[in-house]
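Visitor: Pasting a structure below so you can have a look.
Taken together, the values in this text are just the output of simple stated rules run on the coordinates, not laboratory data. Only a predicted model underlies this, so the values are computations on that prediction, with no experimental measurement involved. Note that each Cβ is placed from the backbone with ideal geometry, even for glycine, and that neighbours are counted across all protein chains shown.
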Amino acid sequence: MLAGATGSRVGLAVPAVAIGAANGAFAGWRQIYDWSSHRGPVAFALDSTWALATTASGVVGNVVGLASRSSGYVPALSTRQNRHVYRKGFTLRRGFAITLGNVVSGAGDVEQPSRVKLVTDHEDVHVWQARWLGPLYPVLYGAWTVGGAVVGAVSWVARRRRRGDRFAKTVETAAYYLNPLEWWAYSRHGAWPPGGALAGYGWQRPIVQSLVAKRLRARGGAAATLR
């Protein structure tokens, strides 16, 4: 109903209903929304309205995951976590996870704490970015990717070439790592600057506090209150 009402405003009621129904079916089957806190209803409402376009990409991610026997759905990182997580599923680059709407694919070996942290502290940031920014998310991300690639190429030709920097790494750093949406996620992950980025290129400080530091600070405040 929420999706249909949203889609009807732009003359796309039927596709919107289909997307909302599919997302509701996947989410209900796997019980991803946390109804015990405010985050669950907010996530559901955004997924079914403002973020319907990115939710559609998440439906695609779930369909791909269902179609592959080796996708490896991870209930422990999905149930009541307001997201779906796959070990494999839809992926574009080996070793890199990818988030489509509320679906995280390519999480890899989640028995390793580092891969769990990748999901909870990095990819989950993208899940919520897609919700809050809605249809603007893919536009902003794509625009920076294209523009950053151009800037990276020009900067390599103009000055980085003299330092022996590789062209591909310079372009990748400008187009991917320096994307503000990635800067935000890597900062929350506590991994800024990223190891894969060109050293000394672009901004060197995190844009926000890491989630680990934020949790430790919150625990310290709670302990002080108890004392």
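Visitor: I need the Kirkwood Rh of region 2-115: take the reciprocal of the average 1/r across all distinct C-alpha pairs and report it in angstrom.
Guide: For region 2-115, inverting the mean 1/r across all distinct Cα pairs yields 14.3 Å.
Visitor: Net charge near SER210: determine it from the other residues with C-beta under 11 Å of the C-beta of SER210, scoring Lys and Arg +1 and Asp and Glu -1.
Guide: +4
Visitor: Can you give me the angle between helix 136-158 and the longest principal axis of the chain, using Cα atoms only, in degrees from 0 to 90, rounded to the nearest 10?
Guide: Computed tilt is about 10 degrees.
Visitor: With Cα extents along the principal axes in Å defined as stated, name the option among [x] 76, 31, 30; [y] 68, 33, 29; [z] 58, 56, 36 computed from the structure displayed.
Guide: Only one listed value fits the structure, namely [z].
Visitor: On to the next question. Would you mind checking the tilt of helix 13-30 against the longest principal axis of the Cα atoms of the chain, expressed as 0 to 90 degrees and rounded to 10?
Guide: 90
Visitor: Please compute the length gained on full extension between VAL157 and LEU12, using 0.36 nm multiplied by the number of residues separating them and subtracting their Cα-Cα distance.
Guide: Numbers: separation 145, 0.36 × 145 = 52.20 nm, distance 4.58 nm.
Taking VAL157 through LEU12 to full extension adds about 47.6 nm, to one decimal.
Visitor: Summing Lys, Arg as +1 and Asp, Glu as -1, what charge do residues with Cβ under 12 Å from the Cβ of LEU46 carry, LEU46 excluded?
Guide: Here the charged neighbours net out to +1.
Visitor: Let me ask something else about it. Would you mind listing how long region 22-68 runs along its three principal axes, going by Cα atoms, in whole Å with the largest first?
Guide: 33, 21, 12
Visitor: Give the order of PHE167, PHE44 when sorted by the count of other beta carbons within 10 angstrom, beginning with the fewest.
Guide: Lowest to highest Cβ neighbour count: PHE167, PHE44.
Visitor: Nearest 10 degrees, 0 to 90: what angle lies between the long axis of helix 180-189 and the longest principal axis of the chain (Cα atoms)?
Guide: Helix 180-189 sits roughly 80 degrees off the main axis of the chain.
Visitor: Does region 137-214 come out rounded, prolate or oblate by the C-alpha gyration tensor, with a ≥ b ≥ c the root eigenvalues, rounded set by a/c under 1.5 and, if not, prolate when a/b is larger than b/c and oblate if not?
Guide: Here region 137-214 falls in the oblate category.
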